[in-house]
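Below is one structure, written out as structure tokens; the observations come after it.
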Amino acid sequence: AQSVTQLDSHVSVSEGTPVLLRCNYSSSYSPSLFWYVQHPNKGLQLLLKYTSAATLVKGINGFEAEFKKSETSFHLTKPSAHMSDAAEYFCVVSDRDDKIIFGKGTRLHILP
Amino acid sequence: EAQVTQNPRYLITVTGKKLTVTCSQNMNHEYMSWYRQDPGLGLRQIYYSMNVEVTDKGDVPEGYKVSRKEKRNFPLILESPSPNQTSLYFCASSLSGNSNEQYFGPGTRLTVT
């Protein structure tokens, strides 16, 4: 069965510095992988997705993620954090059994 | 406007009183899903549906029922709610299967006393 682990429940960075949110997955097959963002008291929005095309995936708002099969990782990065990036981020895996598994989330704090 | 709608948005009820949360999408999506979100646990899939009359259990189906009689609607039914079902519930839909982007409803905050 597939699973997903977000390695940090909270990450704090200063505005203008790089962001790294870590995600490891477990899957028996080639999964589809996603990152979603949830701003406070808002719904969820897709940031980016990987579905076996290019391993470096670019998303909205300057975010990108790299699929590394050997490390079973799909870390989310952004070169320069902005105050508006403060939110909760979810790494998501979908597999051949049609289920969808969310990680427990990483709350990103941006320090002025 | 393409959207997923849920009703009600907020609901306070008592233990054992049956309730239904409705979900509707206007994008002709095949795949629909219900999740509950609890602090520190992320979102957990309750049930999903690949198409009309096809439903299957997610990771936390106990205490819930669903039906998919029409493509656009996917109601969540709690036959006998209990306090441990107090949560924030999201409905979502995607074009087909689970490898496509999901579109989420605004959420329903349920409190069971």
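The alpha carbon convex hull volume per residue for the protein assembly as shown rounds to 120 Å³.
State the Kirkwood hydrodynamic radius of the range B:21-79 in Å, one decimal place, computed from all pairs of distinct Cα atoms. Result for the range B:21-79 stands at 11.7 Å. Plainly put, the range B:1-105 has a radius of gyration that is 0.94 times its Kirkwood radius, both from alpha-carbon atoms, as the Rg/Rh ratio.
Using the Cβ of A:S26 as centre and a radius below 15 Å, the other residues enclosed give a net charge of +2, where K and R count +1 and D and E count -1. When the chymotrypsin sites (Phe, Trp or Tyr not before Pro) in the range A:25-107 are filtered for DSSP coil states and for at most 15 other beta-carbon atoms within 10 Å of their beta-carbon, the remaining sites are A:Y29. With a Förster radius of 35 Å applied to the C-beta separation of A:R107 and B:S67, the computed FRET efficiency comes to 0.50. For the range B:1-46, report the % of Cα-Cα distances exceeding 18 Å. Looking at the range B:1-46, the distances longer than 18 Å represent 48 percent of pairs.
What base-10 log of the normalised intensity I(q)/I(0) is obtained for chain A from the Debye formula, alpha carbons as equal point scatterers, at q = 0.16, 0.19, 0.21 Å⁻¹? The calculated log intensity ratios at q = 0.16, 0.19, 0.21 Å⁻¹ are -0.66, -0.93, -1.12. Annotation: for a label point projected 7 angstrom from Cα along Cα→Cβ of B:D56, residues of the range B:16-30 with backbone N closer than 16 Å are B:30. Evaluated over chain A, the count of Lys pairs having alpha-carbon atoms less than 20 Å apart is 11 (only pairs 8 or more residues apart or interchain). Between B:L41 and A:T51, the FRET efficiency estimated from the beta carbon spacing at R0 = 22 angstrom works out to 0.25. For the range B:73-87 versus the range A:88-109, the spacing of their alpha-carbon centroids is 22 Å.
Here chain B is scanned for trypsin sites (Lys or Arg not before Pro) in DSSP loops (not H, G, I, E, B) that have at most 14 other Cβ atoms within 10 Å, and the longest stretch holding none of them is B:19-68.
Read the figures in this text as sums done on the coordinates, not as results from a lab. Predicted, not measured: the structure shown is a model, and the values here were computed from it. A quick note on method: Cβ atoms are made from the backbone with ideal geometry, for glycine too, and the neighbour counts reach across all protein chains shown.
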